[in-house]
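The values are calculated or read from the model by the stated rules, or taken from the named source; none is laboratory data. As the structure is a computational prediction, the values presented were derived from the model and not from experiment. We place every Cβ from the backbone using ideal geometry, glycine too, and count neighbours over all the protein chains shown. The protein model used for the area step is the full one, side chains on, heavy atoms only, and it has no ligands, DNA or RNA in it. Shrake-Rupley method; radii C 1.70, N 1.55, O 1.52, S 1.80 Å.
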Amino acid sequence: MPAYAVLGAHWGDEGKGKVIDYLAENATVVARYSGGNNAGHTVMNDYGTFSFHLVPSGVCWPHTQNVIGNGVVVDPDVLLDEIKMVRNAGLPGNVFVSDRAHVIMPYHVVLDRLEEERRGKDAIGTTGRGVGPAYVDKVGRQGIRIGELLDPEDLSLRLPDIIRFKNETITKLYGGEPVDADAIFEQTKRWGAELKPYIARSEDIVGSAIDGGENVILEGAQGALLDLDHGTYPFVTSSNSTVGGMLTGLGIGPRAFAGVTGVFKAYCTRVGAGPFPTELNEKDAHTIRNAGPVGEFGATTGRPRRIGWFDAVAGKYSVRVNGMDSMVVTRLDVLDGWESIKICVAYELNGVRTDRFPIESVLLGRCKPIYEEIPGWDGSTAGITRPEQLPVGAKRYINRLEELLGIQANMISTGPRRNESLELRPSIK
Ligand code: IMP
């Protein structure tokens, strides 16, 4: 029953797209289960450079079915543009979207912006893509599902009342401009017609691949510490990015899992507000942000990412809440040239040392990192593909992360391109 979870272990942007594009050589299905176009998964290979926001990262392989599961929220314009881009670039994988994925409607995008403005200095720093408000409507049972776009008649009965209520909220509560109900209804008809060939029962595609013994990659979006339940609430996204989200977000059972791989960056980053104990001062952050072939700027919003040393306390928590049994370490090459490198091995909270990750954001915000400092390495790791090319210091660093997290590294990513990968042991058997 070979489903392999590959998910972000810290606050997102760990390089899941690159890793999944590499691993998908050995899988027939790659499936997204959570989030929406707040994600930006960068893939670089012989076809070119792509930033996928909705389409799963297996699409560059001809043998793959790329499934957007029911747990994802979908902005149809973004999906249609992305499918067009996939076709224009000649990418050979198939794309499907679940009939039960919820639609990010234009009023969700408006409400995301208005709510962030209302929060002012307490804003979450969302990506502004309407993801949170779409999930609010899903839970509030006022959402529109992708499958409903195929039935305009039925939609014409439901949508006016929903939009009337949204416009009351937008104008009376937030003082915003109302959305145009007729224009939105027309838009939903166009979406239905254009998306029709891609709409499917995603649990059937994923389930039959699993039943048939084919390898399936479950593609995480965001990271474990942005998970609605297990992350640094309220500075989180509105879905379950952790392993549990895979079961509900795709309709698979726990026995399907053959492995859970956490993707860790060799250091930490975070975009948006929220506690970040190992955050570096701006001078050091600037150095790391601009090192390496791809800088640390959001693939979706272009915002500069906050940078910190590797947080093993948060990492160990992430291993636990996901049941990770292996990891991939990305962007090791970015740390080339540092004389010494710090790893956060514990926190000091109210004068007491702890190695427990305090899940309350207020407490985490008070934590001071306790570092272990280890020597850096001479020489470059950029683009290396064989273990014997790994400098001794870099090997020591990886081994220390393995010790601290209690799991082995299957792979080290040494650059953004597919082939800039050093596989230590197979992630997919
Ligand atoms: P939302 O998901 O747009 O509602 O944003 C909520 C929080 O999650 C904000 O701090 C965002 O910066 C963060 N976030 C959402 N998606 C990503 C991602 O793909 N990478 C990193 N951070 C993200």
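Summary table
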| read-out | value |
| --- | --- |
| Test: residue in the stretch 94-110 that is small (Gly, Ala, Ser) and assigned to a helix (DSSP H, G or I) | no |
| Selected residue (only one of Val263, Val352, Val294 is crowded, with 19+ Cβ neighbours inside 10 Å and hydrophobic (A, V, I, L, M, F, W, C)) | Val263 |
| Spans of strands (runs of 3 or more DSSP E) in the stretch 1-92 with at least 2 residues farther than 30 Å from Val136 by Cβ and open to solvent by 10 Å² or more (accessible area, probe 1.4 Å) | 41-45, 48-52 |
| Failed condition for Tyr233, given (1) more than 16 Å from the ligand (Cβ to nearest atom); (2) among the aromatic types (Phe, Trp, Tyr); (3) in the same structural domain as Tyr317 (by TED's automatic domain parsing) | (1) |
| Boolean, Thr188 is closer than 29 Å to Asn66 by Cβ, hydroxyl-bearing (Ser, Thr, Tyr) and within 16 Å of the ligand (Cβ to nearest atom) | no |
| Test for Gly128: is it open to solvent by less than 20 Å² (accessible area, probe 1.4 Å), within 16 Å of the ligand (Cβ to nearest atom), in contact (Cβ under 8 Å) with a residue 60 or more places away in the chain and not in a strand (DSSP E or B) | no |
| Test: residue in the stretch 208-228 that is away from the ligand (no atom under 16 Å from the Cβ), closer than 19 Å to Lys138 by Cα, touching a residue at least 40 places away in the same chain (Cβ under 8 Å) and out of contact with any Asp or Glu (no Cβ under 9 Å at 6 or more places or on another chain) | no |
| Condition broken by Pro275, with the remaining ones in (1) out of contact with any Asp or Glu (no Cβ under 6 Å at 6 or more places or on another chain); (2) under 20 Å from Ala39 (Cα atoms); (3) more than 11 Å from the ligand (Cβ to nearest atom); (4) in a loop (DSSP other than H, G, I, E, B) satisfied | (2) |
| Condition check for Val328: under 30 Å from Asn215 (Cβ atoms), more than 14 Å from the ligand (Cβ to nearest atom) and surrounded by fewer than 24 Cβ atoms within 10 Å (Cβ to Cβ) | no |
| Elements of type helices (runs of 4 or more DSSP H) in the stretch 141-245, at least 3 residues being open to solvent by 50 Å² or more (accessible area, probe 1.4 Å) and on the phi > 0 side of the Ramachandran plot | none |
| Qualifying residue in the stretch 304-313 (condition: out of contact with any Ser or Thr (no Cβ under 7 Å at 6 or more places or on another chain), in the same structural domain as Phe276 (by TED's automatic domain parsing) and of a type in the set (Asp, Glu)) | no |
